[in-house]
């Protein structure tokens, strides 16, 4: 999988994760990310650290819940198992998925 395809898959997972809160909520969050945090929708995959910080500012203690929704969607899209744990690290989990997926594609 090319890095570009991974970014597209990640962005889709972000949007689907946010959609679980409702479409209008997703739109409001994306609007807030762009206007308050200067993170455009299409820049989320290349700006994950800032995206994570923005989620923490928007949702406070609820941010890990949103991160898990996104990670679950990402893992589903990549056909990777998803282990939900309390100590889940969003940035490391995305990076691990990025590293693992090309190997998974070659397995038959």
Computed over the chain: longest principal axis from alpha-carbon atoms vs helix 48-59 long axis, angle to nearest 10 degrees, is 40
Given that just one value was derived from the coordinates, which of [x] 2, 12, 24, 27, 18, 11, 4, 2, 0, 0; [y] 2, 13, 21, 21, 19, 14, 8, 2, 0; [z] 2, 11, 19, 19, 15, 13, 10, 6, 4, 1 is P(r) over Cα pairs in 5 Å bins from 0, in percent? [x]
Calculate how steeply helix 3-19 sits against the longest principal axis of the alpha-carbon atoms of the chain, using the helix alpha-carbon long axis, and give the answer as 0 to 90 degrees to the nearest 10. 50
Using only Cα atoms, tell me the angle between helix 63-77 and the longest principal axis of the chain; keep it within 0 to 90° and round to the nearest 10. 30
Sort 30-36, 73-79, 19-25 by the packing proxy (mean of other Cβ within 10 Å over each peptide's residues), most packed first. 73-79, 30-36, 19-25
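The numbers here are math on the coordinates, done by the rules we state, and not lab data. The structure presented is a predicted model; accordingly, all values stated were derived computationally and were not measured. Reconstructed Cβ throughout: ideal geometry from the backbone, glycine too, with neighbour counts over all protein chains shown.
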